[in-house]
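Novice: Have a look at this one before I ask anything.
The numbers here are math on the coordinates, done by the rules we state, and not lab data. These numbers come from a predicted model, not from an experiment. For neighbour counting, all protein chains shown are included, and Cβ atoms are generated from backbone atoms with ideal geometry for every residue, glycine included.
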Amino acid sequence: MGTTDLVREAERIREVPGIRFTDRGAGRTACLAGAGIPVWLVIKLFRNAGEDRFNLAQALHWMTHDQIQAAFDYYARFPAEVEAELADDAAITPERVAELNQAMRDTIEAST
């Protein structure tokens, strides 16, 4: 990760209190401070809860109102980033996982 990325993250942390960046398998992502849950996952759960904040709060009962609000604040400020992460998540289908597993097996067999 370069200096530019760190500066961008620091600016976003200042813009949206309650957000931290963490390393994930596909790179760094905005997460909720104190919870470690990615912003995109909160938005996905919100949509799965019928876009009802009460239902979301019940599903995330261990989180504070401020933590959940930070996810909405980040999404409002950086929707394209969150939507891209949601699209990446949606692309993970059982068929895609099977393809990746086969590709790994093929690679291992070719190297032995």
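Novice: Hey, can you grab everything whose amide H is under 5 Å from the amide H of T22? Only 5+ residues off in sequence or another chain; H modelled, so Pro and N-termini drop out.
Specialist: Residues meeting the amide H criterion: T29, C31.
Novice: Also, quick follow-up: Could you give each residue of region 84-96 its phi-based ³J(HN,Hα) in whole Hz, using Karplus coefficients 6.51, -1.76, 1.60 with θ = phi - 60°, and x for Gly or Pro?
Specialist: Once rounded to whole Hz, the list reads 5, 5, 5, 5, 4, 5, 5, 6, 8, 9, x, 5, 5.
Novice: Can you tell me the orientation of helix 65-77 relative to the chain, as the angle in degrees between its alpha-carbon axis and the longest Cα principal axis, to the nearest 10?
Specialist: Relative to the chain, helix 65-77 is tipped by roughly 70 degrees.
Novice: Provide the FRET efficiency to the nearest 0.05 for the N101-E15 pair, computing r from the beta carbons and using R0 = 41 Å.
Specialist: Using R0 = 41 Å, I get an efficiency of 0.55.
Novice: Can you work out the Karplus-derived ³J(HN,Hα) for every residue in region 40-54? Use 6.51 cos²θ - 1.76 cosθ + 1.60 with θ = phi - 60°, whole Hz, and x for glycine or proline.
Specialist: Values, residue by residue: 4, 5, 4, 5, 4, 4, 4, 5, 5, 8, x, 6, 10, 5, 5 Hz.
Novice: Further, regarding this structure: Can you give the relative contact order of region 3-111 as a percent, counting alpha carbon pairs under 8 Å and 6+ residues apart?
Specialist: 21
Novice: Right, here's the next one. At 222 nm, what helix-only mean residue ellipticity would the chain give, in deg cm²/dmol to the nearest 500, using -39500 (n - 2.57) for each DSSP H run of four or more?
Specialist: Calculated from helices alone, the mean residue ellipticity at 222 nm is -20500 deg cm²/dmol.
Novice: At 25 °C and 0.890 mPa s, grab the translational diffusion coefficient of region 3-111 from Stokes-Einstein with a Kirkwood Rh over Cα pairs, rounded to a whole number in µm² per second.
Specialist: The Stokes-Einstein estimate is 159 µm²/s.
Novice: Now, a different point. Taking θ = phi - 60°, what integer Hz values does the Karplus form 6.51 cos²θ - 1.76 cosθ + 1.60 yield along region 5-13, in sequence order, with x for Gly and Pro?
Specialist: Ordered by residue, 3J(HN,Hα) equals 5, 5, 5, 4, 5, 4, 4, 5, 5 Hz.
Novice: FRET efficiency for A87 and E109, Cβ-Cβ distance as r, R0 = 35 Å, nearest 0.05?
Specialist: Taking R0 as 35 Å, the efficiency between A87 and E109 is 0.65.
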